[in-house]
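Before any comments, here is the structure.
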Amino acid sequence: MKFTAVFAALAAFAVTKVSANASLVREFDTLGATDQGALHTCLNNYRTDNWGGMDCGGRGWFKGTHKYKSPENCYDACAGLLVAAIDRGASDVECDDNEGSARCWMGFH
């Protein structure tokens with residue numbers, strides 16, 4: 001539990017440092033119960049240098065771009081919002097970050 005709180009604080013800090021333009025564009029809890037611990041672990045491991053998807057924690061994860069250069073910056077912009085959604089029990093979430101004409105999105109369903 002302490003790890004989750006620390007991660008949430010760090011992720012929230014990253015959001016304020018990297019982008020004030022990130023927002024949740026979709027958050028639902030209609031897909032059934034989630035394993036919040038597993039989803040936090042999945043999110044922690046999803047910062048890596050990649051665009052695309054993965055299956056983890058019983059959900060399909062995605063991260064995509066339109067002119068956005070860095071998957072790590074996308075993660076940094078959205079991680080705090082995704083942590084909060086996981087903590088609320090969300091089972092289907094998308095965060096978008098817009099930086100000028102560049103856009104990225106990430107989440108799980």
>> I'd like to check which strands (runs of 3 or more DSSP E) are fully inside the stretch 18-109 and have at least 1 residues that are open to solvent by 60 Å² or more (accessible area, probe 1.4 Å) and in contact (Cβ under 8 Å) with a residue 60 or more places away in the chain.
In response: 23-28, 92-99, 102-108
> Does the stretch 35-69 hold any residues that are closer than 15 Å to ALA22 by Cβ and modelled with pLDDT under 90, and which are they?
Replying inline: ARG47
> Is it true that some residue in the stretch 80-91 is at pLDDT below 95 and on the phi > 0 side of the Ramachandran plot?
Replying inline: yes
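The values are calculated or read from the model by the stated rules, or taken from the named source; none is laboratory data. As the structure is a computational prediction, the values presented were derived from the model and not from experiment. Counting neighbours? That spans all protein chains shown, and the Cβs are built from the backbone with ideal geometry, glycine included. When the accessible area is computed, the model is the full protein with side chains, heavy atoms only, and any ligands, DNA or RNA have been set aside. Shrake-Rupley method; radii C 1.70, N 1.55, O 1.52, S 1.80 Å.
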